[in-house]
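Taking it in order: structure first as structure tokens, then the write-up.
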Amino acid sequence: MCETERIAVSHPAEVVVIDKIAAQLERELAEPFEPNYPSRLAAARDGVLHNYRERMGEHGWVERVSLEQT
């Protein structure tokens, strides 16, 4: 991803592993089902990006990644 600025998999097995990890997280995490989860998620995302920008500046590769909303 760092070289291409795209997230891609090179083998279907990678998708299987990502799916299994996501399923395990869903079984273990209670937070996504709490009413305040959207605001907690937004705060966590903002914190991660803030910390990244403090260390890397505001013109790093992550700023150029094309985001697709689902």
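The values are calculated or read from the model by the stated rules, or taken from the named source; none is laboratory data. Model, not experiment: these values are computed from the prediction. Reconstructed Cβ throughout: ideal geometry from the backbone, glycine too, with neighbour counts over all protein chains shown.
For the stretch 36-66, a tally of residues being acidic (Asp, Glu), surrounded by 10 or more Cβ atoms within 10 Å (Cβ to Cβ) and either in a helix (DSSP H, G or I) or touching a Gly at 6+ places or on another chain (Cβ under 8 Å) (or both) returns 2.
Checked against the criterion of being surrounded by 11 or more Cβ atoms within 10 Å (Cβ to Cβ) and modelled with pLDDT under 90, the candidates Leu25, Leu29 yield just one match: Leu29.
For Ala13, the criteria (1) under 18 Å from the mean Cα position of the chain (by Cα); (2) part of a helix (DSSP H, G or I) hold in every case but one, which is (1).
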